[in-house]
Amino acid sequence: MNDSIELRKVTVIIRDGADGPELLLFEHPFAGTQIPAGTVELDEAPEAAALREANEETGLSEFANARLLGSREDPMPPDQAVIAVATPVYMRPDVTTANWARLPRGITVDVKREEGDFTQVSYEETDRLIDPRYVTGHILGWVPKTTLTRIKRRFFYAMDFVGQSPERWTVATDHHRFTLFWAPVRALPSIVSSQAAWLEFLTL
């Protein structure tokens, strides 16, 4: 495990006050209602990543007053790690063996065992995050220990939207089609449980 690397994430709280305080959310096609967020690229500043993710995930660009609300370390179970450096997945703990899959930076994996300079990991995706019915894809294999970390820090940014947008619209990104919408801060819909704690930053 390469815990000298800190994987950085950003969460973007986008507000619009034209008709009272509203928050921009999106409906993931199989993972519920979420707040825009993403992974900071290598050598990218968190503020730049927040603006990039806001643009990519919403399809909008008229943002102003980007401000850091705070940061904190995301806790990780001892049997999990996150891919800090994109890596091939090897069939055996040896870089000369076949590698038919690749795991991108930012993916959380289950740690199975270690051997030498390698860690065997498992990544599984289900048809939907809430009440999954079946597994749609499964990757099991070996990655170099240097590509993994258990240190994940999340930065929270607020931005004001100063342009015009529909009440609802769709954006195709990250191999999915998201439906974006504005929700009154005082009557927010249910947000996926892993993100519910992020709402405390709305009061800052």
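The values are calculated or read from the model by the stated rules, or taken from the named source; none is laboratory data. Note that the coordinates shown come from a computational prediction; the quantities given were computed from them, not determined experimentally. Cβ placement follows ideal geometry from the backbone for every residue including glycine, while neighbour counts extend to all protein chains displayed.
One table, with the values for the structure above:
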quantity: Residue in the range 73-80 that is polar (S, T, N, Q), under 28 Å from ILE191 (Cα atoms) and part of a strand (DSSP E or B) present; calculated: yes
quantity: Qualifying residues in the range 77-100 (those that are hydrophobic (A, V, I, L, M, F, W, C) and surrounded by 15 or more Cβ atoms within 10 Å (Cβ to Cβ)) - the one farthest from ASP160 (Cα to Cα); calculated: VAL89
quantity: First in the range 129-141 and assigned by TED's automatic domain parsing to the domain that holds THR108 and surrounded by 13 or more Cβ atoms within 10 Å (Cβ to Cβ), second anywhere and of a type in the set (A, V, I, L, M, F, W, C) and at pLDDT below 95, Cβ under 7 Å, 6 or more apart; calculated: LEU129/PHE30; LEU129/ALA31; LEU129/VAL192
quantity: The lone exception for LYS112 - which of (1) in a strand (DSSP E or B); (2) within 30 Å of MET159 (Cα to Cα); (3) charged (D, E, K, R) it fails; calculated: (2)
quantity: Unmet criterion (only one of (1) within 19 Å of ARG154 (Cβ to Cβ); (2) assigned to a strand (DSSP E or B)) for ALA48; calculated: (2)
quantity: Count of the range 24-60 residues which are of a type in the set (A, V, I, L, M) and over 27 Å from PRO132 (Cβ atoms); calculated: 9
quantity: Count of the range 165-193 residues which are under 17 Å from GLY38 (Cα atoms) and hydrophobic (A, V, I, L, M, F, W, C); calculated: 6
quantity: Residues (outside any loop (DSSP other than H, G, I, E, B), more than 30 Å from GLU115 (Cα to Cα) and free of Cβ contacts under 8 Å to residues at least 60 places away in the same chain) located in the range 142-186; calculated: ARG168, THR170, ALA172
